[in-house]
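Let me begin by presenting the structure, written as structure tokens, before commenting on it.
The values are calculated or read from the model by the stated rules, or taken from the named source; none is laboratory data. What you are looking at is a predicted structure, and each value in this text was computed from that prediction instead of being measured. Heads up, the Cβs are rebuilt from the backbone with ideal geometry, glycines too, and the neighbour counts pull from every protein chain shown.
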Amino acid sequence: MPLSSRTKLVVWCIQFAVLLAGLSYLWLFKSFTIVADLNQIFSVEQEPEIQLVSEQLEQQQLRQHLLLVGHQDKTTAINYALRAAESLNAIAGIAVKVKFDALPQLDSIVRDYLNYPHAFISEQYRYLLQANDSQSLFNYQFNLLNEMASPWVAATLEKDKTLALADFFNQQSLPSAKLKNHDGFLIATKNEPVGHTRYYVLVNFMSNGTGLDLNVAKKIAANVTSLKKQALTQDTGVDYLATGAAFFTASASSSAQNEMTVFGAISVFATLLLIMIIYRSALSVFCTLFVVSVSMIYGYTALRLLFTEVNVLTLVFAVTLIGIAADYSFHALSELRFSKPKVANPLHTIRSSLLLSFLTTTAGYLILVFTPLILFKQIAVFTMAGLLGALLCVLLLYPSLVVLKAKSAMQVPNFISGLHNLQQVWLNNKLAMRWQLLFIIVGLFGLTFLDNDDDPRHFYKVPDDLITQQQTISDLLAEQWDSSYLLIAGENEQQVLRQMEQLLPRLEQLQANKEITAYSSISQWLPSISMQKSNQQLLSDAVNRGDFTQLNSVLGFNLAARPLDEYQQLDFATWQNTKVAPLFTNQWLQIQHRYYSVIKLKSLQNTSSVKSLANTYTDVFFIDKVAGISEQIGQFRLQLIFIYALALTMAMAIFWLRYGLLNAFVAVTRPLIAVLVALILSTWFYGSLTVFNYVAGILILALGLDYCIFYAEHGLCKKITLTTCVSALSSLFVFAILIVSSTPAVSQFGFTVFIGVVVVFLISPRLALVSKRNI
């Protein structure tokens with residue numbers, strides 16, 4: 001027995017009340033954050049241990065921020081740096097530091113190493129000792145004595161007559177070599193074209209806890225922006241250079257939120273204006289707006305229920321739900337406003353169509369839930385839940401809206417009648433199926449030759465100002481390390497140091513081959529205990545052989561060997577208290593009983609060589625998040641092809657049961673042709689395809705199958721032409737506005753769907769031949 005309109009209304013009210021109660025509970029008792037870091041859209045699948053370590057290292061990097069305050073007068077730069085630090089200190093959730101301990105000086109570094117004689121020698125010095133060639137060794141030592149530019153010889157010669165320690169220090173470079181300490185302030189200098197020197201004072205600040213809170217990021221960015229505006233307004237001659245995750249996050253968040261607001265408002269306004277023109281009823285406008293709002297509530301509730309973090313880009317893509325959810329209202333309004341008065345329950349005729357439409361659309365999005373990319377999971381969950389809300393509104397709530405039913409059937413607008421006549425002409429002159437099949441085959445073959453861009457850095461646009469500031473700071477501080485690095489793991493500190501020592505010769509070779517320009521490893525400053533003992537043994541043997549006789553005669557000193565048991569070695573715990581160790585804090589990590597160290601790389605040219613190097617050793621890992629994400633996106637892109645096939649197969653099965661095999665085949669080829677045309681034109685317009693173009697194909701399939709269902713169910717009549725036209729126009733309003741997005745991923749997504757919707761709208765009336773009904 002069918003439910004009455006009143007019963008349906010009660011059922012809808014009850015379920016919606018339960019939904020709101022659930023949303024209220026989630027709002028109060030479950031944490032939920034909106035993340036603006038676009039790098040977190042994607043995740044790289046790694047071993048759990050390496051995943052944990054790389055995430056912690058990434059979180060450390062996200063917390064670090066730098067502000068350089070510059071002026072031609074050093075004192076003025078310091079004063080404004082103090083003001084900037086005071087201003088930033090007012091922000092809760094960050095720790096600001098503008099005064100620092102003295103940078104390690106030459107004498108203090110030497111003192112930390114002098115108590116461990118003969119423990120530290122360079123690779124070249126070790127090679128000469130092992131060669132037993134006293135003349136070559138002396139020539140090398142004599143060159144060191146004549147190297148007047150090196151202060152290490154004078155600082156170490158009194159305690160180390162072998163010059164081994166001086167040579168060891170000569171090979172090293174301090175991470176903060178370009179920073180000078182002036183009364184506790186770290187200052188970098190920049191030579192300007194006019195001959196002046198500009199002084200930049202460093203202000204360092206870190207966000208508390210793990211990661212970076214979006215609200216804190218916005219406050220940081222707003223604070224620095226305010227400082228810059230004050231400098232321009234007051235013409236102080238001060239400039240501010242800032243970099244860190246907060247500035248990129250705030251920029252991405254602001255851009256996404258602005259676009260979401262503007263795009264959403266324009267889309268809703270255009271859709272409602274279209275409804276007002278077509279259906280000529282303010283209540284119709286309100287009802288559609290209500291359906292869209294309810295669908296948004298359903299989608300948002302699903303996100304809060306299933307996720308603790310949602311990327312802001314998910315909310316930008318959520319705007320697309322407006323066009324899809326509004327379709328359900330359009331179909332109902334068309335039946336209510338344009339059906340003949342004698343039809344008692346016009347909505348009953350489209351119930352099966354709506355259900356089939358919901359099933360086919362949901363099937364496509366359901367597959368996205370099982371993808372490895374979190375962004376598409378969130379979009380799929382939001383869309384499916386939103387469509388469920390829209391469907392329930394139309395099936396349970398709209399039957400009560402009898403006031404919308406016109407007393408006499410309204411006449412469709414003239415342009416719809418003209419479009420309807422044109423569709424009839426198209427049907428009478430339809431292209432033979434063999435030519436359509438040929439196009440599909442050629443299109444599928446052509447897809448294999450299209451250029452695909454899987455680099456996640458091309459999916460969004462970072463403001464040029466932020467990139468310029470980051471590059472300038474890197475140049476001033478000589479900190480230009482790549483995002484990729486080598487990670488070494490071990491059961492204890494010494495095991496990690498030994499692992500790194502094995503890598504150093506290979507890294508030197510890579511540097512000689514210009515595959516990297518530099519690298520930074522703790523083991524360059526701290527050899528393992530076993531290596532220190534080996535060094536001491538080598539030097540002791542060389543002394544006993546008389547390899548230092550010529551050097552002794554030059555220095556006027558008689559070097560005598562000491563018993564090996566008198567030598568001491570510098571262990572890791574002691575080294576951590578040296579002046580050099582704090583400069584390498586971000587390259588060492590301990591988690592429970594495992595130890596990890598990072599080898600930084602600069603200007604890596606060939607990732608395969610470093611990856612091969614890492615694979616040669618146990619517990620050595622090459623971490624390249626960008627490459628890992630690119631590889632995963634490429635795999636997902638191939639999986640999307642399978643998703644297309646699976647979605648079309650599921651749709652064909654549904655159509656087959658209802659319309660027969662041949663008609664089912666015709667139905668699934670409509671959206672397939674639209675997808676192929678959209679992808680080909682997107683390549684021509686943008687130069688390459690991204691994963692977002694392929695994901696757009698899922699939406700084209702969903703909308704295309706919707707149109708096919710209604711033409712197959714109701715035939716080619718003016719009312720269906722009206723409904724599909726309004727549906728297509730509302731979708732085009734949404735996706736046309738996305739094309740102008742500043743985010744390339746969003747723009748490409750919008751363009752592909754826009755083309756696909758136009759094409760599928762033009763060719764879907766072919767399914768009207770399945771049904772001869774004219775309602």
Determine if the stretch 657-664 includes at least one residue that is part of a loop (DSSP other than H, G, I, E, B), surrounded by fewer than 18 Cβ atoms within 10 Å (Cβ to Cβ) and of a type outside the set (Asp, Glu).
yes
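Taking the stretch 298-312, which residues are touching a Phe, Trp or Tyr at 6+ places or on another chain (Cβ under 8 Å) and in a helix (DSSP H, G or I)?
Kept after step one, since they are touching a Phe, Trp or Tyr at 6+ places or on another chain (Cβ under 8 Å), are these residues of the stretch 298-312: 299-300, 302-304, 307-310.
Scanning the stretch 298-312 gives GLY299, TYR300, ALA302, LEU303, ARG304.
Could you list, in sequence order, the residues of the stretch 685-713 that are assigned to a helix (DSSP H, G or I) and among the small types (Gly, Ala, Ser)? Explain how you work it out, then say what you get.
Narrowing the stretch 685-713 to residues assigned to a helix (DSSP H, G or I): 685-686, 691-713.
ALA696, GLY697, ALA702, GLY704, ALA712, listed by residue number.
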Filter result (in a strand (DSSP E or B) and surrounded by fewer than 12 Cβ atoms within 10 Å (Cβ to Cβ)) within the stretch 545-589
none
Check whether at least one residue in the stretch 492-504 is loosely packed, with under 14 Cβ neighbours inside 10 Å, basic (Lys, Arg) and not in a strand (DSSP E or B), and report yes or no.
no
Across (1) surrounded by 13 or more Cβ atoms within 10 Å (Cβ to Cβ); (2) hydroxyl-bearing (Ser, Thr, Tyr); (3) farther than 19 Å from GLN536 by Cβ, SER173 clears everything bar (1)
So for the stretch 369-379 (the condition being more than 19 Å from SER731 (Cβ to Cβ), among the aliphatic types (A, V, I, L, M), at pLDDT 80 or above and buried (at least 19 other Cβ atoms within 10 Å of the Cβ)), does at least one residue qualify?
yes
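Would you check if THR288 is assigned to a helix (DSSP H, G or I) and buried (at least 21 other Cβ atoms within 10 Å of the Cβ)?
On the way: assigned to a helix (DSSP H, G or I): yes; buried (at least 21 other Cβ atoms within 10 Å of the Cβ): yes.
In short, yes.
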Can you confirm whether GLN568 is under 27 Å from HIS118 (Cβ atoms), of a type outside the set (A, V, I, L, M, F, W, C) and over 34 Å from the mean Cα position of the chain (by Cα)?
yes
Taking the stretch 669-701, which residues are surrounded by fewer than 24 Cβ atoms within 10 Å (Cβ to Cβ) and without any contact (Cβ under 8 Å) to a residue 60 or more places away in the chain?
TRP684
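I need the full set of residues from the stretch 100-117 which are closer than 24 Å to GLN64 by Cβ and loosely packed, with under 14 Cβ neighbours inside 10 Å, in order please.
Going residue by residue through the stretch 100-117, those that are closer than 24 Å to GLN64 by Cβ are 100-104.
ASP101, ALA102 - these are the residues of the stretch 100-117 that are closer than 24 Å to GLN64 by Cβ and loosely packed, with under 14 Cβ neighbours inside 10 Å.
Please give the helices (runs of 4 or more DSSP H) falling wholly within the stretch 38-141 in which 1 or more residues are under 30 Å from GLN537 (Cα atoms), at pLDDT 80 or above and of a type in the set (Val, Ile, Thr). Let's see the steps before the verdict.
Working: elements: 48-63, 74-89, 106-114, 123-131.
Because the criterion is at least 1 residues that are under 30 Å from GLN537 (Cα atoms), at pLDDT 80 or above and of a type in the set (Val, Ile, Thr), the helices (runs of 4 or more DSSP H) in the stretch 38-141 that meet it are 106-114.
Here is a list: ALA489, ALA542. Which entry is in the same structural domain as ARG126 (by TED's automatic domain parsing) and not in a helix (DSSP H, G or I)?
Details: ALA542 fails: not in a helix (DSSP H, G or I).
Step by step, each of ALA489, ALA542 is checked, and only ALA489 is in the same structural domain as ARG126 (by TED's automatic domain parsing) and not in a helix (DSSP H, G or I).
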Please specify each residue of the stretch 446-463 satisfying the condition of being at pLDDT below 85 and either in a strand (DSSP E or B) or of a type in the set (Phe, Trp, Tyr) (or both).
PHE449, PHE459, TYR460
Can you report the number of residues in the stretch 736-754 which are buried (at least 22 other Cβ atoms within 10 Å of the Cβ) and modelled with pLDDT of 85 or more?
7
Being in a helix (DSSP H, G or I), assigned by TED's automatic domain parsing to the domain that holds ASP327, surrounded by 15 or more Cβ atoms within 10 Å (Cβ to Cβ) and at pLDDT 75 or above is true for just one of LEU396, LEU419, LEU466. Which residue is that?
LEU396
Identity of the residue in the stretch 211-247, in contact with a Lys or Arg (Cβ under 8 Å, 6 or more places away or on another chain) and part of a loop (DSSP other than H, G, I, E, B), that ends up farthest from GLY70 (Cα to Cα)
GLY211
Can you name the condition, by its number, that ILE220 falls short on among (1) crowded, with 21+ Cβ neighbours inside 10 Å; (2) touching an Asp or Glu at 6+ places or on another chain (Cβ under 9 Å); (3) under 28 Å from TYR80 (Cβ atoms)?
(2)
Hey, any hits in the stretch 600-609 for a residue that's crowded, with 19+ Cβ neighbours inside 10 Å, in contact with a Ser or Thr (Cβ under 9 Å, 6 or more places away or on another chain) and in a helix (DSSP H, G or I)?
no
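Being of a type in the set (Asp, Glu) and in contact (Cβ under 8 Å) with a residue 40 or more places away in the chain is the filter here, so list the residues in the stretch 208-258 that pass it. Show your work before the answer.
Within the stretch 208-258, the subset of a type in the set (Asp, Glu) is 213, 235, 239.
Answer for the stretch 208-258, where residues must be of a type in the set (Asp, Glu) and in contact (Cβ under 8 Å) with a residue 40 or more places away in the chain: ASP213, ASP239.
Test ALA518 against the criterion of being more than 16 Å from TRP575 (Cβ to Cβ) and either touching a residue at least 40 places away in the same chain (Cβ under 8 Å) or acidic (Asp, Glu) (or both), and give yes or no.
On the way: more than 16 Å from TRP575 (Cβ to Cβ): yes; either touching a residue at least 40 places away in the same chain (Cβ under 8 Å) or acidic (Asp, Glu) (or both): yes.
Considered against the rule, which asks whether it is more than 16 Å from TRP575 (Cβ to Cβ) and either touching a residue at least 40 places away in the same chain (Cβ under 8 Å) or acidic (Asp, Glu) (or both), ALA518 comes out as yes.
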Quick one: would you say LEU583 is in contact (Cβ under 8 Å) with a residue 40 or more places away in the chain and in contact with a His (Cβ under 7 Å, 6 or more places away or on another chain)?
no
Given the conditions (1) surrounded by fewer than 17 Cβ atoms within 10 Å (Cβ to Cβ); (2) free of Cβ contacts under 8 Å to residues at least 60 places away in the same chain; (3) of a type in the set (A, V, I, L, M), and given that LEU646 satisfies all but one, which numbered condition is not satisfied?
(2)
